[in-house]
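Just so it is clear, none of the values below were taken in a lab; they were calculated from the coordinates. Quantities reported herein were computed from a predicted structural model and do not represent experimental measurements. Glycine also receives a Cβ, built like all others from the backbone with ideal geometry; neighbour counts cover every protein chain displayed.
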Amino acid sequence: MTRKVYDDIFKIDVALPNNPLKSLNVYVIRGEEKSLVIDTGFNQKECIDDLFRGLEELNIDIGDTELFITHLHSDHSGMAHIFHEAGARIYAGEIDGRLINYMASESHWARYEEEIISFDLARDKVTISEHPGFKYRLRQAVDFTYVKEGKGIQVGKYFFEVIDIHGHTPGQVGLYERNHKLFFAGDHVLDSITPNIAYWGGDENILAVYLNNLAKIYSFEIDYLFPAHRNIIRDHTRRINELVLHHRERLDEILQILGEGESTVRDLARKMKWSIRAKDWNDFPLAQKWFAASEAMAHLEHLYHSGLVERNLIHEKLYFNLK
Ligand SMILES: [Zn+2]
């Protein structure tokens with residue numbers, strides 16, 4: 001389905017089959033020579049069909065577009081190669097752009113093999129082949145035009161400012177239109193579902209970064225916040241307050257679980273409450289076990305950096321304790 005959501009701005013629903021996210025909101029801003037497309041959908045037939053049907057309804061040829069990728073996740077970037085082949089300019093933040101190209105190679109995924117062990121997921125027989133990021137990744141590198149905060153993109157009557165909103169991924173970027181108070185937020189702020197905050201390796205406290213970048217856009221004047229999934233948001237401060245509270249509750253829940261004794265990442269994730277239609281941990285699809293463990297790890301790292309928990313690596317496996 002394609003519908004107009006603002007003057008010269010359209011939303012194409014791209015279905016994400018067998019994915020709890022259900023669908024991706026692809027936004028198209030009609031310009032004079034080039035129209036700007038924001039995000040793509042998976043590199044998978046159903047998504048490609050939906051996107052092209054939408055562009056056709058809008059009478060826009062892919063060769064007359066530019067693509068803006070908010071972040072590296074394959075539901076947002078999976079079709080970048082199709083735009084690349086059509087000669088479209090592709091904007092992305094530098095960190096995520098480089099990671100997208102790196103993820104196209106097998107070597108990127110070696111880190112995840114280590115995570116299976118350090119997170120204690122080997123017990124659940126989780127393998128890399130279940131990871132949607134691996135399954136639906138781009139298979140070839142594309143050329144990006146890297147953008148960062150301070151850069152502007154003019155499309156028709158709109159002037160978009162690139163805003164650094166990393167946290168959900170290491171390099172997510174959004175677009176802010178100050179005059180009309182519009183914000184294209186990728187997966188930074190979503191209504192009715194909470195953006196996954198994952199561990200990305202290294203020592204950056206990614207949850208703290210995410211919370212800081214929520215605080216940053218809290219003060220922006222925004223009339224329409226256009227998220228990449230679910231409903232368009234008219235009261236972003238309400239939703240940001242809810243998201244901040246959610247993560248505070250998560251941190252408290254983890255401290256409480258660690259109060260019962262030392263835990264691996266997997267065991268902690270198993271004891272946490274998740275809003276997923278599964279009876280218990282054994283019933284979790286393998287990909288969801290991975291996301292849950294990675295989300296638990298991002299929160300554990302936040303507690304570690306805050307000096308509240310201890311982290312020990314024993315025989316390649318991580319153990320966390322209350323300090
Ligand atoms: Zn995402």
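At-a-glance table
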read-out	value
Gly186 vs. criteria closer than 24 Å to Ala293 by Cβ and more than 16 Å from the chain's Cα centre (by Cα)	no
Selected residue (only one of Asn231, Asn321, Asn282 is in a strand (DSSP E or B) and not β-branched (Val, Ile, Thr))	Asn321
Long-range neighbours under 7 Å by Cβ, at least six apart or interchain, first residue at positive phi and assigned to a loop (DSSP other than H, G, I, E, B) within the range 191-203, second within 13 Å of the ligand (Cβ to nearest atom) and of a type outside the set (Phe, Trp, Tyr)	Ser192/Arg230
Failed criterion for Glu94 (all others in (1) in contact with a strand residue (DSSP E or B) (Cβ under 6 Å, 6 or more places away or on another chain); (2) closer than 22 Å to Leu182 by Cβ; (3) more than 16 Å from the ligand (Cβ to nearest atom) hold)	(2)
Residues satisfying the stated conditions in the range 142-188, i.e. within 24 Å of Tyr199 (Cα to Cα), more than 16 Å from the ligand (Cβ to nearest atom) and outside any strand (DSSP E or B)	Lys148, Glu149
Options Leu211, Leu243; residue that is away from the ligand (no atom under 16 Å from the Cβ) and in a helix (DSSP H, G or I)	Leu211
